[in-house]
Amino acid sequence: MTQFGRMCQRLGIKIVAASSPQAKGRVERNHGTHQDRLVKKLRRKKISRLEDVNPYLAEEYCPEHNARFAVAAVAPEDYHLPNPGARRMGEVFRLETERVLSNDWVVRHENRYYQIERQSQHHAPAKSKVTVCEWADGKMEIHYRGRKLKWEEIEPCPVAARLDAEASISEPGKSAMGRSKWKPGADHPWRRGYGKGNESVAALANPAEGRRSLASTSASP
């Protein structure tokens with residue numbers, strides 16, 4: 001489910017998809033009118049901030065548009081749902097992303113790390129799923145089963161590969177743990193090919209033949 005679909009579901013709004021090109025075109029024509037007229041009028045009014053757009057829509061644009069294009073309703077009854085209230089709207093109109101707590105109670109979201117504080121009550125166990133809630137004003141909360149958790153942002157943990165790279169630059173031949181990196185020599189059996197004269201390979205392939213060749217070698221003066 002998309003973020004928009006989740007918001008509509010919580011508000012009790014059923015999304016009806018267009019079942020024909022004609023129905024889809026009726027909606028898109030309305031959108032095209034606003035995308036063309038609204039942008040030009042905002043440019044003429046020299047409005048470029050969201051704080052200035054909303055008052056203009058409520059005071060000028062929408063009344064003018066409704067006076068020109070509105071059609072009287074067939075029935076006078078109002079079937080709109082009541083206003084859910086500011087608190088309820090704040091719980092609905094937000095972005096929600098599901099994340100999994102790590103073993104050390106850290107949540108990773110948008111390449112940022114958040115340490116969850118351990119609480120005596122309503123504690124979220126490791127590997128449990130939490131919800132990261134974000135609002136348009138930059139506010140963010142982390143919820144577990146509908147309850148808000150305390151958290152603080154922390155720096156990302158260093159990667160082992162990056163430590164190895166830094167250690168090899170500062171002291172070549174050693175890893176991040178301080179152990180020297182061992183490499184087999186040129187005469188090591190791993191570097192030998194499966195060619196003629198390689199007695200060790202032949203002995204591994206045929207143990208009986210290898211024992212006979214060793215016995216004949218030891219018997220010769």
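Computed from the coordinates by the stated procedures, all read-outs in this text should not be read as laboratory data. Worth saying up front: this structure is predicted, and the values here are computed from it rather than measured. So basically every Cβ, Gly included, is an ideal-geometry build from the backbone, and we count neighbours across all protein chains shown.
Hey, does the stretch 67-81 have a residue that's under 29 Å from Glu96 (Cβ atoms) and among the β-branched types (Val, Ile, Thr)? No, because not a single residue in the stretch 67-81 is under 29 Å from Glu96 (Cβ atoms) and among the β-branched types (Val, Ile, Thr). Within the set of pairs 6+ apart or on separate chains, which have a first residue in the stretch 33-47 that is more than 15 Å from Phe69 (Cβ to Cβ), a second that is hydrophobic (A, V, I, L, M, F, W, C), and C-beta atoms under 7 Å apart? Taking only residues 6 or more apart or on different chains, the pairs are Leu42/Val53; Ile47/Val53. Does the stretch 66-90 hold any residues that are surrounded by 12 or more Cβ atoms within 10 Å (Cβ to Cβ) and free of Cβ contacts under 8 Å to residues at least 24 places away in the same chain, and which are they? Across the stretch 66-90, the qualifying residues are Arg88, Met89.
Inside the stretch 6-62, residues that are closer than 30 Å to Glu96 by Cβ, of a type in the set (Val, Ile, Thr) and either over 31 Å from the mean Cα position of the chain (by Cα) or surrounded by 10 or more Cβ atoms within 10 Å (Cβ to Cβ) (or both) make up a count of 3.
Residues in the stretch 30-75 that are among the aromatic types (Phe, Trp, Tyr) and within 26 Å of Ala136 (Cα to Cα): Tyr56, Tyr61.
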